[in-house]
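Worksheet: one structure, shown below.
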Amino acid sequence: MIQLFQKTNRKDQHSMSVSRKKRRWLTITLVAVIVIGSILYSLADRYLIRHVQVVVADDNTAATHTTPNAVSEGTAGTNSTTTATDVHATSDDWNYSSDDLKIQIQKMQTGSGSDQITYYVADVQAKDASSLRTALADNSFGTNITEDTSEIAEANNAIFAINGDYYGFRDDGVIIRNGVLYRDSPTRDALALFNDGTIRTYNENDISSAELLAEGVTNTLSFGPILVQKGEITSDFSRVKIDNNFGNRSIQDANPRTAIGMIAPNHYVFVVVDGRQDDSRGMTLAELAQTMKDLGATEAYNLDGGGSSTMYFMGRVVNNPLGRNRERGVSDILYLTEGQ
């Protein structure tokens, strides 16, 4: 009887031990699931889930350009003629010319083999600063709101466009778009566009958004670094850091690039560099700065690059984004249209 009781007691103890282990593992598993789920949700909330803060009023009616009254003049141009109200322009695949706006795009290549670089230069002369504008993906300001550069461009009747600073990937910086202040968290070197046709690089901590608006700023871009300031290359770019966001690549290496520069008031130069592909390795920041200076830019600024780097002109994407002729969604663009 005593032996039977001892055996039964040992079985009960064993069962209790197994039960405790199961409960412990269930608790550990539940905690792990909660922790991992929280991390995944936090990452999704930060980088994937759309957060619309402001829906921007649709001002497409302000653009007089829909499709220009175009007559093809280039060897690769189209031969069709279209009409547009009060706009008489000639255009082909690489050029656009009207009384108020001239755009000339060139495909450039340097080097050979694995050292080859393919990039596109757009020289733009506008009669009025209102021709240069910005637009937001889905007409909304916030984070993780993206559309392809070409989609945003077409929605805003753009003649020419490049990707912007991808403001929606971060939550800091000074963001003024088309005269409206959306974010005021000074952090880095930035670029300001003014209503007199000038652009100026500056540090966000050195001048307030109120001062910028009082001076006639129309748009600010917060990415960087500054490439050329007052006619001179600003640094060797060996220690440049934009931010610490998850997934950022080193920006010192050769990469696809997008840059904007000013040659003179209302005379701009835009450069988009293909990269990470067989016929173009991309540019380093130092190479991009030298390119902008050689093109005559007295002020020049680096915008979001990598897979975002896109140049759009007259209904087509000019460069080869991602090396696969496939665009990556962005939060904003800079574009040109016929001014008011």
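With a probe of 1.4 Å, find how much accessible area the stretch 289-328 has per residue, and write the answer as a whole number in Å². Let's see the in-between values first.
Details: 1410 Å² over 40 residues.
So the stretch 289-328 comes to 35 Å² accessible per residue, rounded to a whole number.
With every protein chain left in place and a probe of 1.4 Å, what is the accessible surface of Val35, to the nearest 10 Å²?
Rounded to the nearest 10, that gives 70 Å².
Could you sort 107-113, 226-232 so that the peptide with the highest average Cβ count within 10 Å comes first and the rest follow in order? Working shown, then result.
Details: 107-113: 11.1, 226-232: 17.3.
In descending order of packing, they fall as 226-232, 107-113.
Give me the distance between the Cα centres of the stretch 259-331 and the stretch 134-194, rounded to whole Å.
Their Cα centres are 16 Å away from one another.
Suppose the chain between Ser185 and Val31 were pulled fully straight at 0.36 nm per residue; how much longer would it get relative to their current alpha carbon spacing? Walk me through the numbers on the way to the answer.
Values: separation 154, 0.36 × 154 = 55.44 nm, distance 3.63 nm.
Gain in length upon complete extension: 51.8 nm.
Could you work out what % of the accessible surface of the stretch 282-336 is carbon and sulfur, using a 1.4 angstrom probe and leaving DNA, RNA and ligands out of the count?
Values: 720 of 1590 Å².
Its accessible area is 45 percent carbon and sulfur atoms.
For the pair Thr198 and Gln104, how long in nm is the line joining their label points, each one 7 Å along Cα→Cβ?
2.6 nm
Please provide three numbers in whole Å: the alpha-carbon extents of the stretch 126-179 along the principal axes, with the largest listed first.
35, 23, 15
Classify the stretch 155-265: rounded, prolate or oblate, from the alpha-carbon gyration tensor (a ≥ b ≥ c, eigenvalue square roots; a/c under 1.5 rounded; otherwise prolate if a/b is larger than b/c)?
Details: a/c = 1.33, a/b = 1.29, b/c = 1.03.
Cα axes put the stretch 155-265 in the rounded bin.
When all protein chains stay in place, what accessible area (Å², nearest 10, 1.4 Å probe) is found for Thr27?
Around 80 Å² of this residue is reachable by solvent.
Order of 323-336, 304-317 by packing, highest average Cβ count within 10 Å first? Spell out each step's value before the answer.
Working: 323-336: 20.1, 304-317: 22.3.
Answer by packing, highest mean first, reads 304-317, 323-336.
The values are calculated or read from the model by the stated rules, or taken from the named source; none is laboratory data. This is a predicted model, so every value here is computed, not measured. A quick note on method: Cβ atoms are made from the backbone with ideal geometry, for glycine too, and the neighbour counts reach across all protein chains shown. Accessible surface areas use protein heavy atoms only, side chains included; no ligands, DNA or RNA. Shrake-Rupley method; radii C 1.70, N 1.55, O 1.52, S 1.80 Å.
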